[in-house]
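Student: Mind having a look at this structure? Questions to follow.
The values are calculated or read from the model by the stated rules, or taken from the named source; none is laboratory data. As the structure is a computational prediction, the values presented were derived from the model and not from experiment. Cβ coordinates were reconstructed from backbone atoms using ideal geometry, including for glycine residues, and neighbour counts include every protein chain displayed.
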Amino acid sequence: MNIKIGCTGWSYQGWSGTFYPKNLKSSEWLKYYSQIFEITEINSTFYRIPAQETVKRWNEETPRHFRFTAKFPSIITHEKRLDRVNSEIFSFLAALSPLHEKISALVLQLPPSLSFDEAKPKLDELFDLLPKDFLYPIEGRHESWFSEDAIKYLKQNKHCLVWNEIAGVNNPMPITSDYLYVRLIGDRSIPDSEFGKVTKNKEKLVACWAKRLQEIKDIPLAMVMANNHFEGFSPATVNSLRMHLGMRELIWEEKKQKTLGNF
């Protein structure tokens, strides 16, 4: 199985001096990130549809092999709850068009209050509208998404149900499609001001996730995204998972300097 592991976003002030070189301008962060990682989840699209000029810059700043996933805007998933969202869908897809060749998946993170029964007819309409160019993993957080009926529906339509590690969600991790999308989110107890260092060591939990992924058979692709709220510093979480999976450790400039300083 091809496992691509990245972070949910790259623009965090706390990473300056811990992941990014201290003197590196924030405008150069994505370019630097894409030299270390092979994928990222764009978290900012959840809050607003980006300007096409911004997306064009993301494309120009990253190598050809680099891949993006992006969250659907909250106006689609949370405010309108998937109902009558044609114009927002077209605006979102149009904004992302400069990045088209590098997008692997667009993530439907649904609100915890949105049940499977309420979402199902709207999803049917939505998937008639969406182009077949991308994967569309669904992150249902209401408990009904883990019911027998929901899992049957997802399997029949080959929709991936996101596997997640997040407070308040008891996800049984069913396989519903021919790929996996995993989000290691944690809770909101780590403040943004502490991003840049591991403040909650979850080594054992990361090891469990690695074991779970290693046990999966006949699935060609898994995309795993780590959030700062999981341990405090998602690049470190990514490295921890990589090491447990037998993959090479990622080395960035600040990590290299810290290692040399210990001698």
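Residue-wise test of (1) of a type outside the set (A, V, I, L, M); (2) assigned to a helix (DSSP H, G or I); (3) surrounded by fewer than 19 Cβ atoms within 10 Å (Cβ to Cβ); (4) within 17 Å of the chain's Cα centre (by Cα).
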site: LYS22; (1), (2), (3), (4): yes, no, yes, no
site: PHE68; (1), (2), (3), (4): yes, no, no, yes
site: HIS78; (1), (2), (3), (4): yes, yes, yes, no
site: ASP83; (1), (2), (3), (4): yes, no, yes, no
site: LEU106; (1), (2), (3), (4): no, no, no, yes
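Student: In addition: Any chance you could count how many residues in segment 154-193 are assigned to a loop (DSSP other than H, G, I, E, B), of a type in the set (A, V, I, L, M), in contact (Cβ under 8 Å) with a residue 24 or more places away in the chain and under 16 Å from ALA226 (Cα atoms)?
Tutor: Qualifying residue count for the region: 2.
Student: Separate question: Return yes or no: is LYS120 assigned to a helix (DSSP H, G or I) and either over 18 Å from the mean Cα position of the chain (by Cα) or modelled with pLDDT under 95 (or both)?
Tutor: Spelling it out, LYS120 is indeed assigned to a helix (DSSP H, G or I) and either over 18 Å from the mean Cα position of the chain (by Cα) or modelled with pLDDT under 95 (or both).
Student: Would you check which residues across segment 3-37 are touching a strand residue (DSSP E or B) at 6+ places or on another chain (Cβ under 7 Å), within 12 Å of GLU253 (Cα to Cα) and aromatic (Phe, Trp, Tyr) and list them?
Tutor: The answer is TYR32, TYR33.
Student: What's the number of the only condition in (1) within 18 Å of the chain's Cα centre (by Cα); (2) farther than 22 Å from GLU38 by Cα; (3) crowded, with 18+ Cβ neighbours inside 10 Å that PHE146 fails to meet?
Tutor: (1)
Student: Restricting the search to segment 206-222, which residues are crowded, with 17+ Cβ neighbours inside 10 Å and either over 12 Å from SER177 (Cα atoms) or at pLDDT below 95 (or both)?
Tutor: Result: VAL206, TRP209, ALA210, LEU213.
Student: In this structure, is SER113 within 16 Å of PRO50 (Cα to Cα) and not acidic (Asp, Glu)?
Tutor: For SER113, the condition - within 16 Å of PRO50 (Cα to Cα) and not acidic (Asp, Glu) - is not met.
Student: Of the conditions (1) surrounded by fewer than 18 Cβ atoms within 10 Å (Cβ to Cβ); (2) more than 24 Å from SER11 (Cα to Cα), PRO191 clears all except one; give me its number.
Tutor: Checking PRO191 against (1) surrounded by fewer than 18 Cβ atoms within 10 Å (Cβ to Cβ); (2) more than 24 Å from SER11 (Cα to Cα), the one that fails is (2).
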